[in-house]
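Trainee: Take this structure, written in structure tokens, and hold onto it; I'll ask about it next.
The values are calculated or read from the model by the stated rules, or taken from the named source; none is laboratory data. Just so you know, these numbers come straight off a predicted model, no measurement behind them. Backbone-built Cβ (ideal geometry, glycine too); neighbour counts: all protein chains shown. We work out accessible area using only protein heavy atoms, side chains counted, and drop any ligands, DNA or RNA first. Shrake-Rupley method; radii C 1.70, N 1.55, O 1.52, S 1.80 Å.
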Amino acid sequence: MAGTTRNPWVLTPQPRPGAALRLICLPHAGGGAAAYRDWPGCFSSDVEVNLVQLPGRENRMFDTPHSRMDTLVPALAEHLAPLTSGRYALFGHSMGALVAFELSRYLRAERRPEVLIVSGHHAPHLECTGPHRHALSEAELVEALHELGGLSAEVLGNPEYLKLVLPTVRADLAVVEEYTWPGGEPLTHDLVALGGAEDRMVPPADLRAWERHTTARFSHRIFPGGHFYLQDQLVDVLDEVRRALVPADQRAAR
């Protein structure tokens, strides 16, 4: 996927300099900007879609990935600064949801987002009760990824490519699995939580628990499907995201 920006952390397939709002999308563990390749053309000219490309994947395959939230978020904030100077929103799925939440906390003093949309991740104050997959053996990790559906059959069936991908997957999983919610005041901007009804990792109650993390508007929606429900429910997910981007003053006028 080609982008027009020289910032290696961001791809903007369809630049819209006159857009009223930027939507910044963060990927799941092991994923890259290609996870959102269909999104840029699905919004009106008022929205510019920017895809975060973390180190260690796709065109940044040989860049060292971050394995800690406390190093990843400041680096993201620095490289996203040109995009967060105006009106913007954050969307993140799975690992991307937790990173987007911490990025919101990091930026809220000066340039908070209009809305944070989290997908496929339990509320941050809830303890992660599952196994720490980043410490699994290679064979165990591949099996876990196969069950989760996070990597394509083509990748899982290519041992040479897997050896390139797995260190990044481990680093991403460590970001999430070694994360501890630091506490603190809730966010003051809108928060929307989305998830799959059959997601064994994130039951609906864990998704609704995000409500405690904002003093502003909160909503949530459960879609059919598992952890990667948004692949099959893309049309409805995009409708929900578009609704979330409507400014509060416009909602009140309707």
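Trainee: Just to be sure I understand the filter: pairs with C-beta atoms under 6 Å, separated by 6 or more residues or on different chains, first member in the range 212-227 and farther than 16 Å from residue 120 by Cβ, second member among the polar types (S, T, N, Q) and open to solvent by 40 Å² or more (accessible area, probe 1.4 Å). Which pairs pass?
Mentor: 215/188; 216/188
Trainee: For residue 177, are the conditions met, namely being modelled with pLDDT of 90 or more, surrounded by 14 or more Cβ atoms within 10 Å (Cβ to Cβ), among the charged types (D, E, K, R) and out of contact with any strand residue (DSSP E or B) (no Cβ under 6 Å at 6 or more places or on another chain)?
Mentor: Working: modelled with pLDDT of 90 or more: yes; surrounded by 14 or more Cβ atoms within 10 Å (Cβ to Cβ): yes; among the charged types (D, E, K, R): yes; out of contact with any strand residue (DSSP E or B) (no Cβ under 6 Å at 6 or more places or on another chain): yes.
In short, yes.
Trainee: Name the single residue that is nearest to residue 38 (Cα to Cα) among those in the range 56-74 being touching a residue at least 60 places away in the same chain (Cβ under 8 Å) and under 17 Å from the mean Cα position of the chain (by Cα).
Mentor: Ranking the candidates gives 57 first.
Trainee: Quick one: is residue 143 at pLDDT below 85, farther than 18 Å from residue 63 by Cβ and assigned to a helix (DSSP H, G or I)?
Mentor: It is true that residue 143 is at pLDDT below 85, farther than 18 Å from residue 63 by Cβ and assigned to a helix (DSSP H, G or I).
Trainee: Restricting the first residue to the range 93-116 and requiring it to be over 16 Å from residue 22 (Cβ atoms), which pairs with a second residue that is among the β-branched types (Val, Ile, Thr) and surrounded by fewer than 24 Cβ atoms within 10 Å (Cβ to Cβ) meet a Cβ separation below 6 Å and a spacing of at least six or different chains?
Mentor: 95/176; 98/176; 102/73; 106/73
Trainee: Hey, could you check the range 28-42 for residues that are crowded, with 19+ Cβ neighbours inside 10 Å and in a loop (DSSP other than H, G, I, E, B) and say which is modelled with the highest pLDDT?
Mentor: 39
Trainee: Which ones in the range 78-92 are of a type in the set (D, E, K, R) and touching a residue at least 40 places away in the same chain (Cβ under 8 Å)?
Mentor: 87
Trainee: Working only within the range 6-27, note down all residues that are at pLDDT below 95 and surrounded by 15 or more Cβ atoms within 10 Å (Cβ to Cβ).
Mentor: 7
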